[in-house]
Amino acid sequence: MARAKMLLVEDDAALAELLIWHFKREDFEVAHTVDGEEALLLAQENVPDIVLLDWMVESLSGIEVCRRLRRMNGTANVPIIMLTARGEEEDRVRGLETGADDYVTKPFSPRELVARVGAVLRRVRPALAGETLTFADVEMDTVGHKVRRGGQVIPLGPTEFRLLKHFLEHPGWVFSRERLLDSVWGQDSDIELRTVDVHIRRLRKAINADGKYRDIIRTVRSAGYALDTDGAG
């Protein structure tokens, strides 16, 4: 398995040094910056597998960095854990609503943070654990670019493949059409929202083998779509 790449955005030198030591010991490749603007550049140049992001950093706030990472093509799906001394519920909610996957309040145990990072990577980016993504009876070979369901090869177009990969990396998560556009097509795309529905229908038709298999893509009224075993057209 390839080494997981981490981007650490933390302006406390002592804490950053401690975290770098712990994560390198766990075989992470760690890039570190104290600056929010530089963090965005580093993330674009070498997309990380996970971001540890302090709430208060130089030039841009952690919240703004998180927001921009979520809107940038290539980093929209990268897991983000916020690190902060802010322990109020309102702050935690704000961080999570901005797009953070987890929230750790200082002071914290480095060993606990290592465990939290591992849990987030397993949940949000299972591809890091290998080259195959699975959900129920669906298997995706991300290297060979093949999808099987119940052992049967399912032919997919490139857009449907990217859509399914996104859902497989985030099983159970509900994604709005806008979020899917940003994540699958990229934020600079001029694609209309209705196009998302068209490709969802194509993906459903292919992955369900025209009714042979149970629908695993759930439509959530007024919210979007999710991959789960209670899917319904």
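The values are calculated or read from the model by the stated rules, or taken from the named source; none is laboratory data. As the structure is a prediction and not an experimental result, all values here were calculated from the model. Note that each Cβ is placed from the backbone with ideal geometry, even for glycine, and that neighbours are counted across all protein chains shown. Side chains included, ligands, DNA and RNA excluded: accessible areas come from the protein's heavy atoms. Shrake-Rupley method; radii C 1.70, N 1.55, O 1.52, S 1.80 Å.
The slack in the chain from Arg194 to Glu29, taken as 0.36 nm per residue of separation less the alpha-carbon distance, amounts to 55.4 nm. Of Arg194, Arg3, Arg204, Arg214, the residue with the largest accessible area leads and the full order is Arg194, Arg214, Arg3, Arg204 (1.4 Å probe). Lys and Arg at +1, Asp and Glu at -1: add these up for the other residues within a Cβ distance under 13 Å of Asp137 and post the number. My count for the surroundings of Asp137 gives +2. Only protein atoms count toward the accessible area here, which uses a 1.4 Å probe; on segment 4-124, the carbon and sulfur part of that area reaches 48 percent. Solvent-accessible surface (1.4 Å probe) assigned to Val57 amounts to roughly 20 Å². Considering only Pro107, Val34, Pro79, and ranking their Cα positions along the charge dipole of the chain that arises from unit charges at the beta-carbon of Lys, Arg, Asp and Glu, the one farthest toward the positive end is Pro79. Does the chain classify as rounded, prolate or oblate by the C-alpha gyration tensor (a ≥ b ≥ c root eigenvalues; a/c under 1.5 gives rounded; else a/b over b/c gives prolate, otherwise oblate)? Note, shape of the chain comes out prolate. Only beta bridges with both residues in the chain are counted; by DSSP, about 45 percent of them are antiparallel. Per-atom-type breakdown for segment 132-227 gives carbon and sulfur 46% of the accessible area (1.4 Å probe, protein chains only). Sorted largest first by accessible area at a 1.4 angstrom probe radius, with every protein chain in place, the residues Lys106, Lys146, Lys205 fall in the order Lys205, Lys146, Lys106.
Inter-label distance, Thr219 to Arg67: 3.3 nm, where each label sits 7 Å from its Cα along the C-beta direction.
Taking all C-alpha pairs of segment 132-227, those more than 24 Å from each other amount to 15 percent. Note that the chain presents 51 Å² accessible area per residue, ligands and nucleic acids not counted, probe 1.4 Å. Charge dipole of the chain (Cα centre as origin; +1 on each Lys and Arg Cβ, -1 on each Asp and Glu Cβ, all else neutral): 1280 debye, rounded to the nearest 20.
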